[in-house]
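Working notes, beginning with the structure itself.
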Amino acid sequence: MLSSSSWCLSSTSLPLTSSCNGNEHHFSKHAPKYWDNFYKLHQNKFFKDRHYLVKDWGRYFSNDEDVDDRKVVLEVGCGPGNTIYPLLDAFPNMYVHACDFSPQAISLVKGHPNFNASQMNVFVCDVATDDLSISISPSSVDVITLIFTLSAFSPNKMSLVLQNLRKVLKPNGFVLFRDYAIGDSAQVKLQKKNQLISENFFFRGDGTCSFFFSEDFLSTLFSAGGFDIMDVSTYYREIENRSKNITMQRYWIRGIFRAN
Ligand SMILES: C[S@@+](CC[C@H](N)C(=O)[O-])C[C@H]1O[C@@H](n2cnc3c(N)ncnc32)[C@H](O)[C@@H]1O
């Protein structure tokens, strides 16, 4: 596998502002701009609503029947709302905080027909740099969802992000995680195109970045961040694209972590 420095030396298409000397890579440094452009281009048409989360993780969002309090959820990197709106449909009593560093994504969430300001706190925030406890009361969140979001961060920033999440999560609160796993066909494609930034971290053609997780990496990251590991597993599907006559090997990873 190429190291980021060897890639830098051999590339002719690297932006002038990119750094090869241990400083942040251009596409990671300018991630907010590239994600904002992504949503300006695709609006809310790119990702599908994630109804499967209701089926798989419903029990984390439902109230105990005899307790009269509502679950408080934080969706980090909410995009246009493909995770929060299916959850709110299924659990209308929930209170939702949702943030993203793309102003365009946040305006799409607020423009959704089901947006309801009385049960949603939706705001622009870069969770790698902005203190979440300014927008959300400390230790007030029951469940944090990280759905295909942590992969957008440079691995160097992931521990900082977890520290930030812990500030607003209740003791014994949960983080529910899904993302791309190593070996995924998207990783193989990016590898072939030499779009490597650092080990398992790549930039895409549109300037957004993607990390591919191993179970070891994910478990070590969350353990070091003060979480108990309830579950980490990789799952796999072969997806056939008949029109292009190709079969893709898709690998994803999911995890459930509890603040200790
Ligand atoms: C693949 S999308 C996932 C969106 C959503 N979670 C879902 O379930 O479809 C990743 C999202 O993370 C957001 N993101 C990436 N880095 C971020 C950061 N540092 N702070 C806040 N949001 C970020 C991007 O803008 C993008 O909307």
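All of the numbers you see were taken from the coordinates with simple rules; none came from a lab. All values reported here derive from a predicted model rather than from experimental measurement. As a convention, Cβ positions derive from the backbone with ideal geometry for all residues, glycine included, and neighbour counts pool all protein chains shown.
Quick look at the numbers
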{"quantity": "Candidate set from region 30-71 (those that are away from the ligand (no atom under 14 Å from the Cβ) and surrounded by fewer than 12 Cβ atoms within 10 Å (Cβ to Cβ)); member that is nearest to residue 175 (Cα to Cα)", "calculated": "59"}
{"quantity": "Hits in region 82-97 (condition: touching a Phe, Trp or Tyr at 6+ places or on another chain (Cβ under 8 Å) and either on the phi > 0 side of the Ramachandran plot or hydrophobic (A, V, I, L, M, F, W, C) (or both))", "calculated": "87, 90, 91, 94"}
{"quantity": "Among (1) more than 19 Å from the chain's Cα centre (by Cα); (2) over 27 Å from residue 157 (Cβ atoms) - the single one residue 137 does not satisfy", "calculated": "(2)"}
{"quantity": "Qualifying residue in region 149-163 (condition: crowded, with 21+ Cβ neighbours inside 10 Å and in contact with a Cys (Cβ under 6 Å, 6 or more places away or on another chain))", "calculated": "no"}
{"quantity": "Helices (runs of 4 or more DSSP H) within region 35-115 that include 3 or more residues touching a residue at least 60 places away in the same chain (Cβ under 8 Å)", "calculated": "52-61, 103-110"}
{"quantity": "Options 151, 139, 133, 159; residue that is in contact with an Asp or Glu (Cβ under 7 Å, 6 or more places away or on another chain) and touching a residue at least 24 places away in the same chain (Cβ under 8 Å)", "calculated": "151"}
{"quantity": "Selection status of residue 142, more than 12 Å from the ligand (Cβ to nearest atom) and of a type in the set (Asp, Glu)", "calculated": "yes"}
{"quantity": "Every residue from region 220-260 that is in contact with a Lys or Arg (Cβ under 7 Å, 6 or more places away or on another chain), among the basic types (Lys, Arg) and surrounded by 12 or more Cβ atoms within 10 Å (Cβ to Cβ)", "calculated": "250, 254"}
{"quantity": "So residue 121, is it surrounded by fewer than 21 Cβ atoms within 10 Å (Cβ to Cβ) and away from the ligand (no atom under 15 Å from the Cβ)", "calculated": "no"}
{"quantity": "Region 94-129, residues that are touching a helix residue (DSSP H, G or I) at 6+ places or on another chain (Cβ under 8 Å) and farther than 12 Å from residue 84 by Cβ", "calculated": "101, 102, 103, 104, 123, 124, 125, 126, 127, 128"}
